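Everything on this sheet refers to the single structure shown next.
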Amino acid sequence: MNHRWSIISAVVLVSFASGGFLLERSATEGEPAFEETLFEKVRSHVSHYYVDSLTDSDLYRKAADGMLVELKDPYSELLMGDDFKALTEQTTGNYAGLGIQIDVRDGWITIVAPLPDTPAERAGLESGDQIVEVDGVSTEGWSSEKAVSTLRGQPRSKVKIVVRRPGVSSTIPFELTRARIHQKSVPEGTLYDGGIGLIELNPVAETSARELREEIERMRGLGMRELILDLRRNPGGLLVQGVAVADLFLDQGDEIVSTRGRAPNSTRTFNDEGPQPWPELPVVVLVNYYSASAAEIIAGALQDHDRAVVIGTPTFGKGLVQTLYELDAGVALKLTTARWFTPSGRTIQREADSSETELAAMPDSAESETDSTISNRPIFHTDAGRVVRGGGGIVPDVVVRPDTLTVGERAFIDQLGDKVAEYRDVLVTYALEVKGANRIDSEDFEVTPAMTADVLRRLRAKGVTMTDSVFNSGATLVQEHVGYEVARYVFGRSGELRRRAADDLQLQRALAMLREADSPAELMTHATASAARASGR
């Protein structure tokens, strides 16, 4: 960063040294514009006289980067190499590898979960397996980035790994063949009592609408009669897929989103293209501060057309359209070309004093936005005349803020300080030992005081200094964390989600509202009544 600013300072000084002369001249017809001449002279001076040697290639790249920086738009950027590759993987969900979710725990690469229908799952890799060797090289101390880059590779190429499995005394070797992997944006849903299904969507990628439709149909076959669509922490993704997902729930001809910009075809309206397949299905959409971009398109469209009740906290407010222009092989310009608006006319883009202010906005402040602040936002109306609030982002119909930590739990977190990684290591290691010992046979298992005491002992063994009183003040939080980790590694992701549901206030509110409603109309009536009670009417 200091080096970049030193170059900018040098450019400024050179412009002052030669700018007086340039300012006295006026461009005559046929001559280059003043700014073009200025740029070339600055580039030439920096190239020849700057204290560090810089190639023309370096300077042109820095100039391109600087131009985008001066737009003060955090979403416009040049993408090259790994950055371009990462964006491609995020929006398509495609890469070549083994098909595993991994994390670093206790210094080792740990498999969080093998993805369905992948080389990892077919070979028999399991959640909790620790990868201790890759092609004969120990993985101790590897970062997640190093593990990902090593385990991925060309399709049909082979890799040998050795895993350490909980409850198995000797290590287990595997030889796997890498394949094209598609990481779904819609994982398997969870079915709760009463025929209520929870389906997550994250992110909005190129196959999201198809995956969501298939998962809804699968769960309807299992008895799902009502749906909770979880868009919390969904950063968005592809505009066309956000439109396609909303299309699944709206009537033909309904407006989904409109965009306004200067680029060709950037000002347009996207409408629903076909009849909805499940008009009788009551829908709740969960959102929070981390729901952004295309996720906000979905929530806003369903809210404006009275098709779903939105529950949670106001969303991020990222209502800018980025267009990707491929400039060369492996090089692309991601450029903001339009703003988008919900069917009722609300701008999704949250206003901020500057891009820096927007990027630095604290999630806690948005999650705890007061009712009075929300009530001061501009008023818009849904198709049925319900009041919805503008001002950026999507304001839920029913605002439910996440549970906050107690004073004692905050003291526990503060005491952990920079030892959070050690705490996570202890939790995962303990969960893996529980799995290996086959001590848990029900998702409703109790986390006993002895189990939390064992966590404290292990924390201290890792050098975490903590008094008994501080630990005890955070015991409830520790019990929750132990329960989640054990459920994840013993019963899988769906077991963890069912365990978390009891502590998820937003999900519990959604479940309660759906249990009182047998149709979309009834659900909307309950939402309207809830909003009226909240506003004191």
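Take every DSSP beta bridge whose two residues both sit in the chain; close to 75 percent of them are antiparallel. The charge dipole of the chain, taken about its Cα centre with unit charges on the Cβ of Lys, Arg, Asp and Glu (plus for the first two, minus for the last two), comes to roughly 600 debye. In the chain, Cα pairs under 8 Å separated by at least six residues give a relative contact order of 12 percent. From least to most packed, judged by other beta carbons within 10 angstrom and beginning with the fewest, R500, R180, R105 follow the order R180, R500, R105. Centroid-to-centroid, using Cα positions, the stretch 448-475 and the stretch 273-326 are 42 Å apart. For I111, I379, I256, I374, the sequence from fewest to most other C-beta atoms within 10 Å is I379, I374, I111, I256. Scaling the Cα radius of gyration of the stretch 94-182 by the globular reference 2.2 N^0.38 Å produces a ratio of 0.97.
What are the ³J(HN,Hα) couplings of the stretch 416-422, residue after residue, when phi is run through the Karplus curve with 6.51, -1.76, 1.60 and θ = phi - 60°? Round to Hz, x for glycine and proline. Values per residue, Gly and Pro as x: 5, x, 8, 9, 4, 4, 5 Hz.
Among Y50, Y430, the ranking by other beta carbons within 10 Å of each residue's beta carbon, starting with the fewest, stands as Y50, Y430. A straight Cα-to-Cα reach below 12 Å connects K184 with the aspartates and glutamates E89, D117, E200, E206, E211, E214, E215, residues fewer than 8 places away in its own chain not being considered. Along the axis of the charge dipole computed for the chain (Cβ charges of +1 for Lys and Arg, -1 for Asp and Glu, origin at the Cα centre), the listed residues P279, T448, A437 are led at the positive end by A437.
Projecting label points 7 angstrom from Cα along Cα→Cβ for D414 and K41 puts them 5.9 nm apart. Over the chain, DSSP H runs of length four or greater, each weighted -39,500 (n - 2.57), average out per residue to a 222 nm ellipticity of -13000 deg cm²/dmol.
Lysines near K318 by alpha-carbon distance under 20 Å, same-chain residues fewer than 8 away left out - which ones? Within reach: K72, K334. Distance between the pseudo-spin-label points of E145 and E214 (7 Å out from Cα toward the beta carbon): 3.3 nm.
In a fully extended conformation the segment linking V407 and D383 would gain 4.2 nm over its present Cα-Cα distance, using 0.36 nm per residue. With r defined as the distance between the Cβ atoms of Y50 and E326 and R0 fixed at 25 Å, what FRET efficiency is calculated, to the nearest 0.05? In this case the efficiency is close to 0.20. Between K158 and E480, what FRET efficiency follows from the Cβ-Cβ distance if R0 is 45 Å, with the result rounded to 0.05? Efficiency for this residue pair is about 0.60. Can you return the lysines within cross-link range of K158? Criterion is Cα-Cα under 18 Å, with same-chain partners fewer than 8 residues away left out. Excluding near neighbours in sequence, the set is K146. Counted residue by residue at 0.36 nm each, then reduced by the alpha carbon distance between them, the extension gain from D468 to D58 reaches 141.9 nm.
Computed from the coordinates by the stated procedures, all read-outs in this text should not be read as laboratory data. All figures in this text were calculated on a predicted structure; none of them were measured in a lab. Glycine gets a Cβ as well: all are built from the backbone with ideal geometry, and neighbour counts include every protein chain shown.
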